Amino acid sequence: MPTRINPSILAADFANLERELGRIASADLVHVDIMDNHFVPNLTFGPPVVERLLQVSPLPFDVHLMIENPERWAPGYAEAGAFSVTFHAEASPDPVALARRLRSIGARAGIALKPGTDVEPYLELLAEFDQVLVMTVEPGFGGQRFMASTMPKLSRLADAVRSSGLDVWLQVDGGITEETIVIAAEAGANTFVAGSSVFNAADPAEQIARLRAAADEHTHAH
Ligand code: DX5
Ligand code: ZN
């Protein structure tokens, strides 16, 4: 099972995003955090910025929508060419319908769960999603501490994915460092978002390699 490292450009230099994208070209996907100041108490950017960044990015985009009313906005990101679009379970009245819509446009469909959201209702819906994102911090801000209390949820998901035989990526996001990535890999994650740990490093490419090595060493042979 391959390890994927997705740096979050929330921690990048917003005055030099094209250059910042070039510094993480050895990663797998670019994690793009969209916040609307309603679903979370913070605001980033929207479709025009993502569309333009896609034109200059060496890597495909893993879009994470922390917004209300994803039914209104998520398809636009898929149409713009995002490789994957992940919306929050807490914000969607019909996650299966939205995931089907995203897949029909050609994007991978992801569902995200805040730390307090129960995973149980989604275990039987795994076939509808390409990725489940287990938030390891409260969404809204970079640079927060990893919440190990979310790991049992990840283990439940990893067991369910394994017994289903489906290829659903299990992503963690928030507080991922060389230390915490080991905990998440052992619990069954295979797709790791890292913002500050990558962009605050002197050499982001070296940090990506260190994160990848740490995760690979602790990934279960599924
Ligand atoms: C938080 C965002 C994360 C954030 C992670 O709400 O979804 O993607 O950028 O940042 P770090 O890795 O600094 O916790
Ligand atoms: Zn994110």
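A few notes on this one:
- Hey, residue 112 away from ligand 2 (no atom under 16 Å from the Cβ) and either in contact (Cβ under 8 Å) with a residue 60 or more places away in the chain or of a type in the set (Gly, Ala, Ser) (or both) or not: no
- Filtered residues of the range 114-145 (kept if in contact with a helix residue (DSSP H, G or I) (Cβ under 9 Å, 6 or more places away or on another chain) and closer than 16 Å to residue 62 by Cα): 129, 130, 132, 134, 135
- Scanning the range 141-162 for residues that are surrounded by fewer than 22 Cβ atoms within 10 Å (Cβ to Cβ) and among the polar types (S, T, N, Q), we see that the one that is nearest to ligand 1 (Cβ to nearest atom) is 144.
- Flag if residue 173 is buried (at least 20 other Cβ atoms within 10 Å of the Cβ) and of a type in the set (D, E, K, R): yes
- Being away from ligand 1 (no atom under 14 Å from the Cβ), in contact with a His (Cβ under 9 Å, 6 or more places away or on another chain), in contact (Cβ under 8 Å) with a residue 12 or more places away in the chain and hydrophobic (A, V, I, L, M, F, W, C) is a condition met by no residue of the range 163-172.
- In the range 1-10, the count of residues that are modelled with pLDDT of 95 or more, within 12 Å of ligand 1 (Cβ to nearest atom) and in a helix (DSSP H, G or I) is one or more.
- Between 148, 194, the distinction of being more than 16 Å from ligand 2 (Cβ to nearest atom), in contact with a helix residue (DSSP H, G or I) (Cβ under 7 Å, 6 or more places away or on another chain) and of a type outside the set (Lys, Arg) belongs to 148 only.
- Given (1) on the phi > 0 side of the Ramachandran plot; (2) touching an Asp or Glu at 6+ places or on another chain (Cβ under 6 Å), number of the condition residue 64 does not satisfy: (1)
- Pair list, Cβ under 7 Å, 6 or more apart: the range 56-82 residue closer than 17 Å to residue 104 by Cβ, other residue among the small types (Gly, Ala, Ser) and outside any loop (DSSP other than H, G, I, E, B): 63/84; 70/91
- Any hit, the range 120-128, residues being within 16 Å of ligand 2 (Cβ to nearest atom) and over 12 Å from the mean Cα position of the chain (by Cα): no
The values are calculated or read from the model by the stated rules, or taken from the named source; none is laboratory data. All values derive from a computational prediction rather than experimental measurement. Glycine also receives a Cβ, built like all others from the backbone with ideal geometry; neighbour counts cover every protein chain displayed.
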